[in-house]
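Participant: To start, I am sharing the structure in question, which I have written as C-alpha cells.
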Amino acid sequence: QVQLVESGGGLVQPGGSLRLSCSAPGPPFSWYAMACFRQPPGREREFVARIKWSGGSTVYTESVKGRVTISRDYAKNKVYLQMNSLTPEDTAVYYCAVMSYRSDYDLVSSYDYWGQGTQVTVSS
C-alpha cells in the first residue's frame, strides 16, 4: 500500500500563489505517473495536471495552463504543484494520486493510490 502525504494548502488571496507537495515513502519502481486532482465544493473530483515519473512529461487541464506547473524530485520521491494567479474558482480540496500503469490520465479510475487531500481556499 502506497501512502501519499500532501502538504502546502491554505488560504490565499486572489492573485496569490501556493505550492503543494506530495511525497511517498520508498522507491516508485512501479509508478508510471503522478497527478493532481481537485474537488471543488459540491462538484466531482477533476483532473488538474499529470507528470510521468520517467521522463517528466506533463499535461494540464485547460483552465490551469500557464498558471500551474507540476514537477517532480526524482531523488526525494516528491511531486510539486506550483499554482500562481489563483482565483476563487481554484478553491477545492487538492489530491495527489499515483498511476501504476499507463492509462487515461484524466480519469479518477486510472489512479491506484491517493493522498488524503489538502484544502486550498482562494478568497479575499
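Participant: Taking a quarter of the surface of the Cα convex hull of the chain, what do you get in nm²?
Facilitator: Over all viewing directions, the chain projects a mean Cα-hull area of 7.0 nm².
Participant: Next up: Determine the distance separating the Cα centre of the stretch 105-120 from the Cα centre of the stretch 58-81; give it in Å without decimals.
Facilitator: With the stretch 105-120 and the stretch 58-81 each reduced to a Cα centre, they are spaced 14 Å.
Participant: Between residue 84 and residue 5, what length in nm is gained on full extension when 0.36 nm per residue of separation is reduced by their alpha carbon distance?
Facilitator: Numbers: separation 79, 0.36 × 79 = 28.44 nm, distance 2.18 nm.
Difference between extended and current length: 26.3 nm.
Participant: Right, next: Give me the dipole magnitude in Debye, nearest 20, for the stretch 1-64 about the Cα centre, with unit charges on the beta carbon: positive for Lys and Arg, negative for Asp and Glu.
Facilitator: Here the stretch 1-64 has a charge dipole of around 60 debye.
Participant: Give, rounded to the nearest 20 debye, the magnitude of the charge dipole that the stretch 33-117 has about its Cα centre when Lys and Arg contribute +1 at Cβ and Asp and Glu contribute -1 at Cβ.
Facilitator: Roughly 300 debye, rounded to the nearest 20.
Participant: Per residue of the stretch 101-117, in order, report the coupling 6.51 cos²θ - 1.76 cosθ + 1.60 (Karplus, θ = phi - 60°) as ³J(HN,Hα) in whole Hz, putting x for Gly and Pro.
Facilitator: 9, 4, 7, 5, 6, 9, 9, 4, 5, 7, 10, 9, 9, 9, x, 7, x
Participant: Right, another one. Enumerate by residue number the chymotrypsin sites (Phe, Trp or Tyr not before Pro) in the stretch 60-124 meeting two conditions: DSSP loop (anything except H, G, I, E, B), and at most 16 other Cβ atoms within 10 Å of the site's Cβ.
Facilitator: 74, 101
Participant: Please sort by residue number the trypsin sites (Lys or Arg not before Pro) in the stretch 1-99 whose DSSP state is loop and whose Cβ has at most 12 other Cβ atoms within 10 Å.
Facilitator: For trypsin sites (Lys or Arg not before Pro) across the stretch 1-99 that sit outside H, G, I, E and B with at most 12 neighbouring Cβ atoms in 10 Å, the list reads 43, 65, 76.
Participant: Right, something else. Let me see the pair-distance distribution of the stretch 63-124: every alpha carbon pair, 5 Å bin width, integer percents in order.
Facilitator: Taking every Cα pair in the stretch 63-124, the percentages come to 4, 14, 20, 26, 22, 10, 3, 1, 0.
Participant: So in the chain, which Cys have no other cysteine's beta-carbon sitting under 4.7 angstrom from theirs?
Facilitator: 36
Every number here is computed from the coordinates shown, using simple stated rules; none is lab data. If you're wondering where the values come from, they're calculated on a predicted model, not measured in any experiment. Ideal geometry is used to build each Cβ from the backbone, glycine not excepted, and the neighbour counts take in all protein chains shown.
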